[in-house]
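Chemist: Got a structure here, written out as structure tokens. Questions coming.
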């Protein structure tokens, strides 16, 4: 019995090194170096490097490692998400790299689960039977992407972010500056809507975006596995609590499964510290700038008290 226990612990250590060790030792420092260079140089890191792809890759590697670790535990006591996405066996090298470097989501997301990717490639689970045609939902996502990019190209020359560093901006009155701040933020969001819609279309046309059938009668196919933003939901949100449910949806889901829920002790309710810890992880993952640190504290406070 003791020998089996030692062997199991050695296997856990080895597997954690293969996945989470690789993520933290190889990927995360590289991303951090990129982000530190951005902070010191003042260059927009999305415009000169692959930091966005490294950010997505970091989430994939960490979730893969955690799910494999969950696969070694008994199902009793595991949360629903842990039971659903746990990996009972170690993925092969080809499966691992295929998941990490899937071209449809490598540069801008969305993040999805290794378990779903394996079932998709092996035609199991939802994909065991023929899936509906993805053409119409793909076309919808492409039309949305085109509309978002068109609006961004129209608005960005009128409300450039560079205006904030010009003397003209400081000559304006309070209301004029407030209006410009709102419109510049409104304009900048549309480029994210564009790339997320384009990535959604790529995942949908591959078939991986299929997420099951609705409960309506007759049932309708759902294609929201790659849905990363609800444009109208973001623009018409009435509180800060609603925004994480509409903006960068898959990353918000990842943070809930792998940070927020795991910070809550069994038998206890989540509190402000768990929320603050989750937002802090999100801020560090995005960047080391003061704005991200302030955003983590502010969003946690608003979400908790509102």
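Chemist: When the residues of segment 76-104 are narrowed to those that are more than 25 Å from residue 261 (Cα to Cα) and at pLDDT below 90, which ends up surrounded by the most Cβ atoms within 10 Å (Cβ to Cβ)?
Modeler: The selected residue is 104.
Chemist: When residue 67 is evaluated against the numbered criteria (1) surrounded by 19 or more Cβ atoms within 10 Å (Cβ to Cβ); (2) in contact with a helix residue (DSSP H, G or I) (Cβ under 6 Å, 6 or more places away or on another chain); (3) at pLDDT 90 or above; (4) assigned to a loop (DSSP other than H, G, I, E, B), which criterion, by number, is the only one it fails?
Modeler: (4)
Chemist: Hey, another quick one. Please go through segment 103-117 and pick out each residue that is out of contact with any helix residue (DSSP H, G or I) (no Cβ under 6 Å at 6 or more places or on another chain) and assigned to a helix (DSSP H, G or I).
Modeler: 116
Chemist: Residues in segment 131-150 that are crowded, with 17+ Cβ neighbours inside 10 Å and in a helix (DSSP H, G or I): how many?
Modeler: Total satisfying the criteria: 8.
Chemist: Residues that are at pLDDT 90 or above, assigned to a loop (DSSP other than H, G, I, E, B) and touching a helix residue (DSSP H, G or I) at 6+ places or on another chain (Cβ under 6 Å): does segment 256-264 have at least one?
Modeler: no
Chemist: Another question, if that's okay. Residue 138 - would you say it is over 21 Å from the mean Cα position of the chain (by Cα) and either closer than 20 Å to residue 223 by Cβ or assigned by TED's automatic domain parsing to the domain that holds residue 207 (or both)?
Modeler: Working: over 21 Å from the mean Cα position of the chain (by Cα): no; either closer than 20 Å to residue 223 by Cβ or assigned by TED's automatic domain parsing to the domain that holds residue 207 (or both): yes.
No.
Chemist: Give the residue that is surrounded by the fewest Cβ atoms within 10 Å (Cβ to Cβ), with candidates limited to residues of segment 229-249 that are in contact (Cβ under 8 Å) with a residue 60 or more places away in the chain and farther than 26 Å from residue 115 by Cβ.
Modeler: Going through the qualifying residues, I end up with 239.
Chemist: Ok, one more. Of (1) in a loop (DSSP other than H, G, I, E, B); (2) surrounded by fewer than 18 Cβ atoms within 10 Å (Cβ to Cβ); (3) touching a residue at least 24 places away in the same chain (Cβ under 8 Å), residue 226 satisfies all except one. Which?
Modeler: (2)
Chemist: All but one of (1) part of a loop (DSSP other than H, G, I, E, B); (2) touching a strand residue (DSSP E or B) at 6+ places or on another chain (Cβ under 9 Å); (3) buried (at least 17 other Cβ atoms within 10 Å of the Cβ) hold for residue 219, so report the exception by its number.
Modeler: Residue 219 satisfies all of (1) part of a loop (DSSP other than H, G, I, E, B); (2) touching a strand residue (DSSP E or B) at 6+ places or on another chain (Cβ under 9 Å); (3) buried (at least 17 other Cβ atoms within 10 Å of the Cβ) except (3).
Chemist: So, one more: Can you tell me how many residues in segment 229-250 are at pLDDT below 90 and in a helix (DSSP H, G or I)?
Modeler: Qualifying residue count, segment 229-250: 3.
The values are calculated or read from the model by the stated rules, or taken from the named source; none is laboratory data. Just so you know, these numbers come straight off a predicted model, no measurement behind them. Counting neighbours? That spans all protein chains shown, and the Cβs are built from the backbone with ideal geometry, glycine included.
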